[in-house]
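The values are calculated or read from the model by the stated rules, or taken from the named source; none is laboratory data. Since this is a predicted model, take the numbers as computed values, not measurements. These area figures cover heavy atoms from the full protein model, side chains too; ligands, DNA and RNA do not enter into them. Shrake-Rupley method; radii C 1.70, N 1.55, O 1.52, S 1.80 Å.
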Amino acid sequence: MRLIMLPIVNRTVEALEGVERAVERVQADDFCVSIAGNRQDEAMLARVKPVLISELTGRKAELERDLTSYGVERG
């Protein structure tokens, strides 16, 4: 990695860590869904949870690919 890439790498790592935290929260059922300020019930959360996990997993993979392309390995 070139030193000039450090700010980009740092932002990417921060984004990746945020996505990882979000995945953990969704997996632990620690999330809510609201529509026009109205919280949705457990049935809605059960339907939305797999979609959220899938989207977040995809975003995580994309950020990991970005880091790999920058020549960064996470330990």
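Residue-level check: of (1) open to solvent by less than 50 Å² (accessible area, probe 1.4 Å); (2) within 14 Å of the chain's Cα centre (by Cα), Arg11 misses just (1).
The residues listed here are Glu24, Glu73, Glu42, Glu62; of these, the one that is at pLDDT below 95 and open to solvent by 70 Å² or more (accessible area, probe 1.4 Å) is Glu73.
Looking across Arg65, Arg21, one residue alone is among the basic types (Lys, Arg), over 10 Å from the mean Cα position of the chain (by Cα) and either on the phi > 0 side of the Ramachandran plot or in a helix (DSSP H, G or I) (or both). It is Arg65.
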